[in-house]
Each structure stands twice: as structure tokens, then as C-alpha cells.
Amino acid sequence: MGAMPSRRSISLVSRGLVLGVLFTAACASCGRNSADGVGNALGNALETQPASRSPSDAGPGGGSVVPGASGCQALVVQAGAKVDGTSADTFAWYDDQCLSRTASLLRNDAADAFQECGGYLRVISYQAAGKTRTLRGTGVDGWQGFGYIVSHFPGDAVWTRTVTGGYRTVLAGRHHAIHEFKWDISPGGLVHVTVHWMFSTGRSHPLFAITLDASATRDGTLQADARAPYGELAWDNGALGDVSGDGWGDTHKFTTTGNGPVTPTSSWDYTKTNTIPYAYEWSASTDSEMGLVSTLSWASRIAGGDYRAGRLTRKWGKTGTNLLTDIPNWEWPFQLNQYELPFVTTSHRIGWGATYGAVGSSSYKAFGQTLGGYPYQSYTVYVVLGTHAPSAVAAQVAAVEATQGVSIAATRGDVAIDGPGGPARTDQVRFPQTGFDPVYAAWTVDAASNAATVTLHAGAATIANPMFEIRRYTGGAPATVSYAGRALVADADYFATVDPAGHRLWITLNQAVSGSGTLIIN
């Protein structure tokens, strides 16, 4: 997965002290960019609350509504407190079962406690089987967490382990929060990087949205790829044991087979068709997994790297018995543990993927299509951590699949048609669904006098906890909110955040919906 074998995994497993010394020396003198740190200390992490389900009730238009879990409380942001010896911003929120989760992002304006430069997810926690799982960066090969920016280009690679930048909490609302990191990197030329992490009540997995802006460099000068978010967490409850399986999805679902652990000679299956791009690893012994899931379908937004100019497509629809012989490591579209497999079976490496030219070239080819990565390259993924049985990644893929073909219509206000919010630049993102913002995975409407009436047409699909982004909103908390003819109760039936700086109202319904239902905001 790269031009130079010694660099293409960024860090093959260290065989001695030399690599560690080199990284320590580099990180001790982090490249300095301007920092812009803001945020509000709002309290401590929240207590776990029990989840319950209510019976469904019919909505107009033949649709149905199933109220969501109870016990969700407000999201909390704790700004600047030390996490593992480094200033961090911690976000505590309630997931789709109203169980507490937390995530701590180390600040990127100075060297951190590991002599790196921060800007990554250091600690994350979630609930499973009545217990809290708290996961940290592994530290293996110097990867102290997850969310690093990594970009390869011919003959070399760059990453944000050694680059400082700027951070700010863009939104610290009652139920929605957005945290921003910025860096300048140079994969053969200057690239401005903006990342938004989004946390939301009623949504289990945070979003990682990135834009790589190469406009300061002449078109075609760069031929870089994009593997962010990248890094390692001890996602198997801290065990750092064998990886039982690897999987990803492009037009087909790839999975290793057998009882594990994954080795260079593992068997594999690539026969089932797929809609939503994803990549993940799992541990059967600890019933845990970690993965990345796109907010858009493959048809809407090609994801993954075509690093061997179409050779991977020859494996679609097939099976095999010798993993790394059948599919060489740099042919994999996403970075998992393939580069470490000849040496260890415990690597917890995970990263996204995009072909060379995805950053810096207005015309590059991947999987038989001509794509554009200049002046901007933008995409968003869910960062998924949870159980393997049932699979948290499979559940998130199914949730995104359910949104395909869904549409909205507004009778008061206007369905947004001018692209996404956040850090994305619209000229490099295709929009199959008018009114859907793939950056934040939200249905988007421009308000009319701080009010909106919008109908969600889900058809036979069931959409769990849909989020709405009401733009051009300058009012306070809405006086009334109803869906499918039923008045909703704030902080129970829906979760709202007023964003005065962004002129937005964010609303997440705490219910699963199908058919057609109308959201009325006054």
C-alpha cells in the first residue's frame, strides 16, 4: 500500500531501538503552527443510565415511530483537563441506548506527554454487558491513539505525529458537539488539513470529517494519498491480543475466514456484494471490534485505495486460502494489520484509504473511474467501537444502508441544495440525496423565520434516531417540536442544540422512524 516498502505502512513493527529514537527526536521538536484553543469546562463525565424501549405508535402517511431509549442526559465537554499527562478536551455523551460514552482528544498545540504533537483520540469508553470498557492508544510503534493524519506520496510519507497545529471547540451544545483540529502538512507540497470530530446524544459513534486543501500548490504537483483517520487503540479491552479477523467493504465484502488469529496464510472470502464502504478488525476472545464506516455509499463516493491499478477488482467475487499471497499487503484498499502480519498477529493498526493523487490532482483514476482530488479532498467516517457479537460495525453499515433512497421535502423552509457543512469543500463531494449533509450525516433544511416543516420519506427503511440540521436559524430553543402528528418532549423524544455562532439548530429524534413523517419546528 505504497511506493516504498520501508515507508508504506508508516511504521512497520519496530525491531529495535533505532526507529523509536528517531521518532522521539523528531517529536521533541514538533513543527509549530498557530494554535487557537477555546472551549467551556461544563462538568464531569455522566453516569450510566438504564435503557428501555417503548411500544411503537403509528404516524401519518402509513409510517411508524418507535420511541428510543430513556435516560439520556445532556452532553458534557470538559476542556483542558489533563489526560495521561497532556491537556485534552473530553466529550461525554449518551449513545443510541442512552448509555454513557466518553472520548478524550489530546490538544495539538504543543508536544504531548509522549513527545508527539497531540491531535488524536487518546482514550475512549463505552458500555457493554453492563460494564465500562475504557480503551487507550497502544503506543506500539509510537501510535499513541487514533485520528492521526497520514499521507503517502511517491517515495515518502508525512504524518501529524511531528506537527503541531491549532484546535478549537466549534460547538459545545446541549446535545451536539464539534471539535476541530487544523494542521499544515507537506506530502510533496503544502496541504492545509481541517478535521471535525462530532459527538451527539442518541448517536453511538463519533464522526471524523476531514478536508485536505491543496489549493496552495499547483494542480498535479502532489500525488498523495489519504489514510486518515489512522492509528491504534487497544480496542480489545486493552488485551492487545491476537486479531481474530479483518474485513472491509468496497463493491464487495471482504472477510478473513476461519477461527483466527489472522496470519499471512489465512483463508478469505470476497463474494458478497456491498453498498457502504467500511474497514474493521475484531477479537472473538474479547467480543470486541473497531472499524470505520463511510457516511456515503460506494456509488456516491468511492472510498479505499486502488493501489495496484485495478488488480484488486480481479479478486471481487472470489475466495482464497493464502491471504498475503493472494492479496499482497499494498493491494488492500484500507490499512489494517497487513504490513505487520509477517511479524506479529497482534497489530491493532487501522486507517482509511485513498489512491495516490486523491490529494493534489484534479484527475486521478481509481477502480476504473476518473476522480478529482484538487483543490480539495473531503470525506467523513464513523469511528466505531463496540462488541463483535453482535457486530457494532455491521450495525453501523446497516444504519447507513437504510438511509439510501431516503428523501426529504419542505413545505416551510427550503431543503438545502448548496452542499455540506463543516470542513468539507463541495466541489469534491457528490450528492445523491438532496438535503443530506454527508459531513455530519444530517438531513438539512434552511429555516423560514426560525421555523421549518419538513417531511422525511423513509419508505420501507427504518431510520434510527435521524438527525436534522436546520440552517439559517437565529432563534432560541424551539417552542414546540412535533413528528408524525405527535408533540415531542425535549430531552426525551428529541435532543436539540442551538448553535448561535453557526446559525443552526441541531435536532436528533430519539426514535426509529419508517414510512413518511413530518417534523414541525416552531
Restricting segment 62-111 to residues that are farther than 27 Å from LYS131 by Cβ and assigned to a loop (DSSP other than H, G, I, E, B), the residue that is modelled with the lowest pLDDT: GLY63
Every pair of residues 6+ apart whose Cβ atoms lie under 6 Å, when the first sits in segment 363-388 and is within 14 Å of VAL195 (Cβ to Cβ) while the second is aromatic (Phe, Trp, Tyr) and part of a strand (DSSP E or B): VAL381/PHE208; VAL383/PHE208
Of all residues making up segment 437-465, the number that are within 19 Å of PHE199 (Cα to Cα) and among the β-branched types (Val, Ile, Thr): 3
Test: residue in segment 210-227 that is surrounded by fewer than 22 Cβ atoms within 10 Å (Cβ to Cβ), more than 30 Å from ASP184 (Cα to Cα) and basic (Lys, Arg): no
Leading residue by the ranking (surrounded by the fewest Cβ atoms within 10 Å (Cβ to Cβ)) among those in segment 354-405 that are of a type outside the set (Ser, Thr, Tyr) and under 13 Å from the mean Cα position of the chain (by Cα): VAL400
In segment 463-517, the residues that are surrounded by fewer than 20 Cβ atoms within 10 Å (Cβ to Cβ), over 14 Å from HIS175 (Cβ atoms) and not aliphatic (A, V, I, L, M): ARG472, THR474, GLY475, GLY476, THR480, SER482, GLY485, ARG486, PRO500, GLY502, HIS503, SER516
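Every residue, every condition in (1) within 22 Å of LEU336 (Cβ to Cβ); (2) crowded, with 23+ Cβ neighbours inside 10 Å; (3) modelled with pLDDT under 95; (4) touching a Lys or Arg at 6+ places or on another chain (Cβ under 7 Å), yes or no:
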residue: THR138; (1), (2), (3), (4): yes, no, no, no
residue: GLN144; (1), (2), (3), (4): yes, yes, no, yes
residue: THR160; (1), (2), (3), (4): yes, yes, no, no
residue: GLY165; (1), (2), (3), (4): no, yes, no, yes
residue: VAL195; (1), (2), (3), (4): yes, yes, no, no
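Listed residues SER104, SER100; which is without any contact (Cβ under 8 Å) to a residue 24 or more places away in the chain and closer than 23 Å to THR497 by Cβ?
Working: SER100 fails: without any contact (Cβ under 8 Å) to a residue 24 or more places away in the chain.
After ruling out the rest, the residue left standing is SER104.
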From GLY238, GLY188, residue being touching an Asp or Glu at 6+ places or on another chain (Cβ under 9 Å) and either in a loop (DSSP other than H, G, I, E, B) or of a type in the set (Lys, Arg) (or both): GLY188
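Can you find, within segment 327-360, the residue that is nearest to VAL193 (Cα to Cα) among those that are in a loop (DSSP other than H, G, I, E, B) and of a type in the set (A, V, I, L, M)? Full working, then the answer.
Of the residues in segment 327-360, the ones in a loop (DSSP other than H, G, I, E, B) are 327-328, 332-348, 352-353, 355-358, 360.
This time we only want the ones that are of a type in the set (A, V, I, L, M), so: 327, 336, 341, 344, 358.
Working: ILE327: 31, LEU336: 23, LEU341: 31, VAL344: 32, ALA358: 14 Å.
Filtering segment 327-360 for residues that are in a loop (DSSP other than H, G, I, E, B) and of a type in the set (A, V, I, L, M), the one nearest to VAL193 (Cα to Cα) comes out as ALA358.
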Candidates SER267, SER215, SER186, filtered to the one that is of a type in the set (S, T, N, Q) and closer than 30 Å to THR321 by Cα: SER267
Segment 112-127, residues that are part of a loop (DSSP other than H, G, I, E, B), surrounded by 24 or more Cβ atoms within 10 Å (Cβ to Cβ) and either at positive phi or in contact (Cβ under 8 Å) with a residue 40 or more places away in the chain (or both): GLU116, CYS117, GLY118, GLY119, TYR120
Close pairs (6 angstrom Cβ cut-off, 6 or more residues apart or separate chains): closer than 15 Å to THR411 by Cα in segment 454-476, assigned to a loop (DSSP other than H, G, I, E, B) anywhere: ILE470/ALA447
Test set (1) closer than 21 Å to THR160 by Cα; (2) without any contact (Cβ under 8 Å) to a residue 12 or more places away in the chain; (3) not basic (Lys, Arg) - GLY130 fails condition number: (1)
Selection status of GLY220, within 19 Å of the chain's Cα centre (by Cα) and not in a strand (DSSP E or B): no
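With a cut-off of at least 3 residues that are of a type in the set (Val, Ile, Thr), name the strands (runs of 3 or more DSSP E) lying wholly within segment 441-522.
The qualifying strands (runs of 3 or more DSSP E) are 452-457, 516-521.
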Verdict on ASP141 being in a loop (DSSP other than H, G, I, E, B), over 19 Å from the mean Cα position of the chain (by Cα) and within 26 Å of THR346 (Cα to Cα): no
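For segment 144-161, which residues satisfy the criterion of being assigned to a helix (DSSP H, G or I) and more than 21 Å from ASP89 (Cβ to Cβ)?
none
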Residues that are acidic (Asp, Glu) and buried (at least 24 other Cβ atoms within 10 Å of the Cβ), drawn from segment 146-158: none
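The values are calculated or read from the model by the stated rules, or taken from the named source; none is laboratory data. Bear in mind the structure is a predicted one, so any value in this text is a computation, not a measurement. Neighbour counts run over all protein chains shown; Cβ positions are idealised from the backbone, glycine included.
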